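The values are calculated or read from the model by the stated rules, or taken from the named source; none is laboratory data. Bear in mind that the values here come from a model prediction, so they are computed numbers and not experimental data. No Cβ is skipped: glycine too gets one built from the backbone with ideal geometry, and neighbour counts run over all protein chains shown.
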Amino acid sequence: MELQGRKMKILQAIVRNYLETGEPVGSRTISKYTDLHLSSATIRNEMSDLEEMGLIKQPHTSAGRIPTDAGYRVYVDHMLSEERHEVEEMKSVLLEKQDKLDAQLKQIARLLASNTQYASIVSTPSVRQNKIKFIQLSQVDPANLLAVIVIEGNLIRNTLIPVGQELNQEQLLKLNLLLNTNLCGLAVADITLGLIEQIKRNAGIHTEIIGNVIDAAAQIVHKEEDLQIYTSGANNIFKYPELADNEKASEIISDFEEKQVLGTIVRERLSDTSESGIQVYIGKEMPVAGMQDCSVVTANYDLGDGIKGMVGIVGPKRMDYEKVVGVVRDIMRQLDELYKKS
């Protein structure tokens, strides 16, 4: 839904005032809050239209208005349309610096929570739809081969493959050609049983080695797809009366402790290819039932080659959206600058 002119300004004034006070907003307040220079009667008429449109509601008789979820959505979409051009996407970086990156992401989670006074979520990078880029087998001793497996994003992983006997250089060359000809560019999901059987037949007496290499590659790729999620500031939830109810707060805190629940939000966001900027989930738009009294502001960071992670802020529906979007945008800019130098 798109609003134009004074209706949008009045909705913005209602949302901003309610974010600040947590109290229903009346027409007299709006007349002082905006630069529209409208009478209270005119503002009441516009507010009545906004109520009919389902964007604001009156919590009880003789009270002012508060935003509905739909009203928050119109407010956020309008704000983001102005902010989107400022959002900078992350640039390419190799993940061999994983320890350094993890420490930085933990620090980012703490900074986001501290700067916003809400709760924060930060995921480690995950390679979506990993594909095998290259496999190199080499003999390390008579009983073992070293398999060097490179997957998209230039992630390099080594694993030992036990063998019954030492292979000569010609045999190793044939196995390397066989593996790379058939597997390079394929995601694990694309490696069918039929393809594996075909490769094994072509490997002759070395079928067991081939099977072990393919199993090792699959395990490595699946491991790289595992998400790690860092959180901070969950106790900030108790600062907001609408979320401090014992049952609500305990459910939200439980979701933060059980990282697999937060993984639902992260995976949905990372799988969304339609938006690369900042996204906001309001109320029932949340995929996690226990957080449907909250809003969540998220942004993906992109290290290139399909390597993506997510940062997010969780707070009440009356969170300070402009501040949160600004903080998230600044964090994305800092990450961008950091990895330009890497």
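Summary table below
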item: Single residue of M310, M319 found to be part of a loop (DSSP other than H, G, I, E, B) and modelled with pLDDT of 80 or more; result: M319
item: Test: N144 is modelled with pLDDT of 80 or more, farther than 20 Å from I191 by Cα, outside the structural domain of Q279 (by TED's automatic domain parsing) and of a type outside the set (D, E, K, R); result: yes
item: Number of positions in the range 172-222 that are β-branched (V, I, T), part of a helix (DSSP H, G or I) and at pLDDT 80 or above; result: 9
item: Filter pass, V324 being under 20 Å from N235 (Cβ atoms), in contact with a Cys (Cβ under 8 Å, 6 or more places away or on another chain) and modelled with pLDDT of 90 or more; result: no
item: Pick from the range 266-291, criterion at pLDDT below 80 and among the β-branched types (V, I, T), ranking: farthest from D77 (Cα to Cα); result: V288
